Amino acid sequence: MAKPLTEQELHNLAMNIVGKQLEAEGFEFMAVNSKPKKNPQFVCLKEKQLHFIVVRCVSYPENPKEYDVKLIEKVKKHAESFEAKSYFAGVGLSNAKDQGLPVYLNEDYIVEYEGLVEV
């Protein structure tokens, strides 16, 4: 029987998607935090510039581009104290066969992710 991914597993999947993009773009990982409520998820260095990246995973029909403004402002303030840039990475995940169903372990899924959004 198909097993739906837990909230933590969905978050980890989103982290992997964003992490691969960061790696491909030459970001150096200074710290990685995979707890969904602990922010930022990634602290990276690129070209001597520090970057704080908040990763959020949402399920269909939620919009991965929408974010919690208060949370982002808090992270942005924290980033500024380190002279870091801050970004939001929203990742939408849905079941490839039926978007109304959860994402299942070892089954196809659709990713809606348009990259980092500077905040």
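Annotations
- Inter-probe distance in nm under a simple model that places probes 7 Å from Cα toward Cβ, at Lys46 and Lys20: 1.7 nm
- Those residues of the range 3-18 whose amide nitrogen sits under 17 Å from the label point placed on Lys97, 7 Å along Cα→Cβ: 3-5
- Translational D in µm²/s for the range 7-118 (Stokes-Einstein at 37 °C, 0.692 mPa s, Kirkwood Rh from C-alpha pairs): 228 µm²/s
- Between Leu101, Leu93, Leu22, the Gaussian network model of the chain with springs among Cα atoms under 10 angstrom shows the greatest mean-square fluctuation at Leu101.
- Using the Karplus relation 6.51 cos²θ - 1.76 cosθ + 1.60 with θ = phi - 60°, the per-residue 3J(HN,Hα) values for the range 4-9 come to x, 5, 6, 4, 5, 5 Hz, with x marking Gly and Pro.
- Sequence-distant lysines (8 or more away, or on other chains) whose Cα lies within less than 24 Å of Lys70: Lys35, Lys37, Lys38, Lys85
- Helix 69-81 and the long axis of the chain differ in direction by around 30°, with both axes built from C-alpha atoms.
- The chain: relative contact order as a whole-number percent, Cα under 8 Å and 6+ apart: 24 percent
- Of Leu101, Asn39, Met15, farthest towards positive along the dipole that unit charges on Lys, Arg, Asp, Glu beta carbons give the chain: Asn39
- Each Lys and Arg Cβ is given +1 and each Asp and Glu Cβ -1; about its Cα centre, the chain then shows a dipole of about 440 debye.
- Linear extension gain, Tyr109 paired with Glu83, 0.36 nm per residue minus alpha-carbon span: 5.6 nm
- Whole-Hz ³J(HN,Hα) from phi, Karplus 6.51 cos²θ - 1.76 cosθ + 1.60, for the range 83-91, glycine and proline x: 6, 9, 8, 10, 9, 10, 10, x, 10
Since every read-out is calculated from the coordinates, none of them should be taken as a lab result. Quantities reported herein were computed from a predicted structural model and do not represent experimental measurements. Here the Cβ is made from the backbone with ideal geometry for all residues, glycine too, and neighbour counts use every protein chain on show.
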